[in-house]
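Please read the structure below before turning to the comments.
Here, each number is a calculation from the coordinates, and none is a lab measurement. Every value quoted in this text rests on a predicted model; they were computed, and no experiment measured them. Neighbour counts are summed over all protein chains in view; Cβ atoms, including those assigned to glycine, are modelled from backbone coordinates with ideal geometry.
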2 protein chains.
Amino acid sequence: MNSRKIVIVLAEGFEETEAVATADVLKRLGFQVSMAGLNSERVRSSAGLTVLADLLFRDADLAQADALVLPGGLPGASHLRSSPEVMDALRFMTEHGKVVAAICAAPIAIERAGLTKGKKVTGYPGSNKDIPGLEYTGNRVERDGLLVTAKGPGVSFEFAAAIALALGVPQDRIDAVLNGMFVLR
Amino acid sequence: MNSRKIVIVLAEGFEETEAVATADVLKRLGFQVSMAGLNSERVRSSAGLTVLADLLFRDADLAQADALVLPGGLPGASHLRSSPEVMDALRFMTEHGKVVAAICAAPIAIERAGLTKGKKVTGYPGSNKDIPGLEYTGNRVERDGLLVTAKGPGVSFEFAAAIALALGVPQDRIDAVLNGMFVLR
């Protein structure tokens, strides 16, 4: 068990597997995971799942959080990118040596916050096409120090594992949880 | 696209990835997927995610549905097993040549309905231990005619694929969707 905290930001149009499967793995690893609604406590995914967030994002205590996680999906990732609160939060986390993670289209928000320069980043192919400064490696998951990015919904388990690894969880503990979920074959 | 309908039953304590990732894949394949709350429209997963169901299970029109899907998780699967409405629904679906599917601990509900006899079934290891008539093969996914079962949360994408296959979706169409989600490597 650990008592560390992770905040996942849910914007209207988030990708449901990327939010939920990622949270599931991290909770099984003992993290306290909060679903924080960007603009409302009732948030609808891009495919129509309605989740009741645990709190509003503006009420999240980021000073007490160890990681901030951004699911992708459209228009969810665009909402994250155009939110001044999310921009401030991403910079706050990075300045304080905390983990920042984004999957699928959501790395565009990290780029907008100016935090991808010189970093290895992956994401949904093509979602970086209008962003001159952002280069995707095309790998399933990238971890560059405290910045974790991933490609899309089918990578959610590996994305969660990379976040846990960035937070110092030993690989064998992560593998035990993934094996218990039958992720690994 | 297709206009076929799938009902996923959410009981208190359902496993969140098994419900959400499965639904995500099936929606991407064009199915109309409804989350049906067993006893309330607000349903909490075993790990603490709160989902707003689309309807109450008792209001689901099973005559119009092509498949009934049971996520696992505890106590979710136990609630499914002890629900007379779920028992009636499983028998109705089977009698009408529709697909019945269950993952993780939820095959215990299908066994209780008397629908696993002589069928190849898989599920979460050990969840069948007090059920003399129920034998699990231990495979990640089993499809025996219109009965689909799977082992646990890490198998959700394959579980959804097997449900789609049982509903007649061509394998290449399924693979295209899984590839688009980066499930396949």
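For region A:62-81, the residues whose amide N sits under 17 Å from a probe point set 7 Å from the Cα of A:Ile131 along the beta carbon direction are A:68-81.
Note on A:Ser40 and A:Ala63: the extension gain reaches 6.1 nm, defined as 0.36 nm multiplied by sequence separation minus the Cα-Cα distance. Considering the rotation that superimposes chain B on chain A, the residue of B whose beta-carbon lies nearest the axis, and that distance in Å, is B:Val20, 2.
Can you compute the charge dipole magnitude of the protein assembly as shown about its Cα centre, using +1 on each Lys and Arg Cβ and -1 on each Asp and Glu Cβ, nothing else charged? Give it in debye, rounded to the nearest 20. Don't jump to the answer; show the numbers that get you there.
Details: 40 positive and 42 negative charges, 109 e Å.
Approximately 520 debye in magnitude.
Shown for A:Glu95: label points 7 Å from Cα along the beta-carbon vector, and their distances to the equivalent points in the other copies, 6.7 nm in ascending order.
In chain B, the DSSP-assigned H stretches of four residues or longer account for a calculated mean residue ellipticity at 222 nm of -9000 deg cm²/dmol, using -39500 (n - 2.57) per stretch and the full residue count as denominator.
Apply the a/c threshold of 1.5 to the C-alpha gyration tensor of region A:5-180 and tell me whether it is rounded, prolate or oblate. Walk me through the numbers before you get to the answer.
Details: a/c = 1.24, a/b = 1.05, b/c = 1.19.
Since a/c stays below 1.5, the shape of region A:5-180 is classed as rounded.
Sorted from shortest to longest, the distances between the A:Leu184 label points of this copy and the other copies are 2.5 nm, with each point 7 Å from Cα along the line through the beta carbon.
Within a straight-line Cα-Cα reach of under 28 Å, A:Lys120 can be paired with the following lysines, leaving aside sequence neighbours fewer than 8 residues apart in one chain: A:Lys5, A:Lys27, A:Lys98, A:Lys129, A:Lys151. Once R0 is set to 35 Å, what does the formula 1/(1 + (r/R0)^6) return for the Cβ-Cβ distance between B:Asp144 and B:Leu74, expressed as a FRET efficiency to the nearest 0.05? E(calc), rounded to 0.05, equals 0.90.
Which whole number gives the average, over all residues in B:10-21, of C-beta atoms from other chains lying within 10 Å of the residue C-beta?
The per-residue average across the peptide is 4.
Contact order, relative form, for region A:5-180: 21 percent (alpha carbon pairs under 8 Å, 6 or more residues apart, mean separation divided by residue count). Within the listed set A:Ala63, A:Ala101, A:Ala89, the Gaussian network model of chain A (springs between alpha-carbon atoms below 10 Å) gives the highest mean-square fluctuation for A:Ala63.
Output the antiparallel fraction of DSSP beta bridges having both residues in chain A, as a percent to the nearest 5. Each step should come with its number before you reach the end.
On the way: 7 of 28 bridges.
Expressed as a percentage, antiparallel bridges in chain A total about 25.
Inter-copy label distances for A:Leu55: 3.7 nm (label point placed 7 Å from Cα along Cα→Cβ; shortest first).
Please state the shape class of the protein assembly as shown: rounded when a/c is under 1.5, otherwise prolate if a/b exceeds b/c and oblate if not, all from the C-alpha gyration tensor. It comes out prolate by the Cα gyration axes. A simple spin-label model places pseudo-atoms 7 Å from Cα toward Cβ; at A:Lys5 and A:Glu85 they are separated by 1.5 nm.
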